[in-house]
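*Asks:* Starting off with a structure, shown below.
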Amino acid sequence: MSLLLPFLRRPAAACLLALLLPLPALAQSPDAEWQAYEAALADGARHANTWQVGWTTFYAGSLALNAWQASEASDRDDRYDARVGVVKSALALGGMFLDRQPHPAALRELEAAERGDIEGARALLESVAAEERRRRSLEARLGSLAINTAAGLLIAVGDGRERDGAINFATGMLISELQLQTQPRQATAAVNRFQPVRVSLGDLQLEGEVALLVAPNQLGVALRY
């Protein structure tokens, strides 16, 4: 196994440490890095659009069904639960329109940017990745927790049906968690390819990020600093 150390000239200097299996080393040129970021955002935008349409359709259908049952259901408890469901579905549907995924807008911004601006592209991807993490954080769950808790208490305490209130709460939280977990995470995956590293080559010490690059018959390690 041989060791290769090419240096790439670009605004953010980078080098490639490659372990060759027998083919030439993998190289992460500025254009290849840009294409990787662009591909991650394009995949994220497609996922975001599918996610948006799917969950908007789900909540719109839930709102329509609950609205119908609120007046037409034969059972009094079903009508009560449906009225609670109308409020929950309306709030969730409104959230789908007001709180959009960041990927489509980030992709448009990247496409409009100067293609050679790798630092700007990297910063854009990192900002989208940070938003992806925020959307899966504990803070992102507080809104659904408050709404489902209030709905469960309305049924359990306000209508005297503790079991039904607990089921309503649990079902609402399960759906909310499923909505969170199906959100795009392509930017996070792309950013996480690179991990912090410190490399010493004699008197030369480099601090940067390293990523494993894999292709058929090749294994490479990219170091950017």
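Here's the yes/no breakdown for (1) of a type in the set (D, E, K, R); (2) modelled with pLDDT of 65 or more; (3) within 26 Å of Arg76 (Cα to Cα):
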residue: Ile147; (1), (2), (3): no, yes, yes
residue: Ala150; (1), (2), (3): no, yes, yes
residue: Glu177; (1), (2), (3): yes, yes, no
residue: Ala189; (1), (2), (3): no, yes, no
residue: Glu209; (1), (2), (3): yes, no, no
residue: Asn217; (1), (2), (3): no, no, no
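*Asks:* Same structure again: If you take the residues in segment 71-103 that are closer than 30 Å to Asp43 by Cα and aliphatic (A, V, I, L, M), which one is nearest to the chain's Cα centre (by Cα)?
*Replies:* For segment 71-103, the residue satisfying everything is Met96.
*Asks:* Contact list please: Cβ distance under 6 Å, first residue in segment 123-140 and in a helix (DSSP H, G or I), second residue among the basic types (Lys, Arg) and surrounded by 15 or more Cβ atoms within 10 Å (Cβ to Cβ), pairs at least six apart or on different chains.
*Replies:* Between residues of segment 123-140 that are in a helix (DSSP H, G or I) and residues that are among the basic types (Lys, Arg) and surrounded by 15 or more Cβ atoms within 10 Å (Cβ to Cβ), the close pairs are Glu132/Arg185.
Results for (1) surrounded by fewer than 13 Cβ atoms within 10 Å (Cβ to Cβ); (2) touching a helix residue (DSSP H, G or I) at 6+ places or on another chain (Cβ under 6 Å); (3) more than 20 Å from Asn66 (Cα to Cα), shown as yes or no for each residue.
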| position | (1), (2), (3) |
| --- | --- |
| Met96 | no, yes, no |
| Arg108 | yes, no, yes |
| Glu114 | yes, no, yes |
| Ala123 | yes, no, yes |
| Ala130 | no, no, yes |
| Ser137 | yes, no, yes |
| Leu145 | no, no, yes |
| Asn148 | no, yes, no |
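*Asks:* Considering each of Leu41, Leu93 in turn, give the residue that is touching a residue at least 24 places away in the same chain (Cβ under 8 Å) and closer than 16 Å to Ala187 by Cβ.
*Replies:* The match here is Leu41.
*Asks:* Residues of segment 150-185 being surrounded by 15 or more Cβ atoms within 10 Å (Cβ to Cβ) and either under 30 Å from Ala45 (Cα atoms) or hydroxyl-bearing (Ser, Thr, Tyr) (or both), which ones?
*Replies:* Matches in segment 150-185: Gly172, Met173, Ile175, Ser176, Gln179, Gln183, Pro184, Arg185.
*Asks:* Same structure again: Looking for whichever is β-branched (Val, Ile, Thr) and within 21 Å of Glu33 (Cα to Cα) here; the options are Ile118, Ile167. Which one fits?
*Replies:* The unique qualifying residue is Ile118.
The values are calculated or read from the model by the stated rules, or taken from the named source; none is laboratory data. Given the structure is predicted, the values throughout are model-derived calculations rather than measurements. Here Cβ is always computed from backbone atoms with ideal geometry, including for glycine, and neighbour counts include all displayed protein chains.
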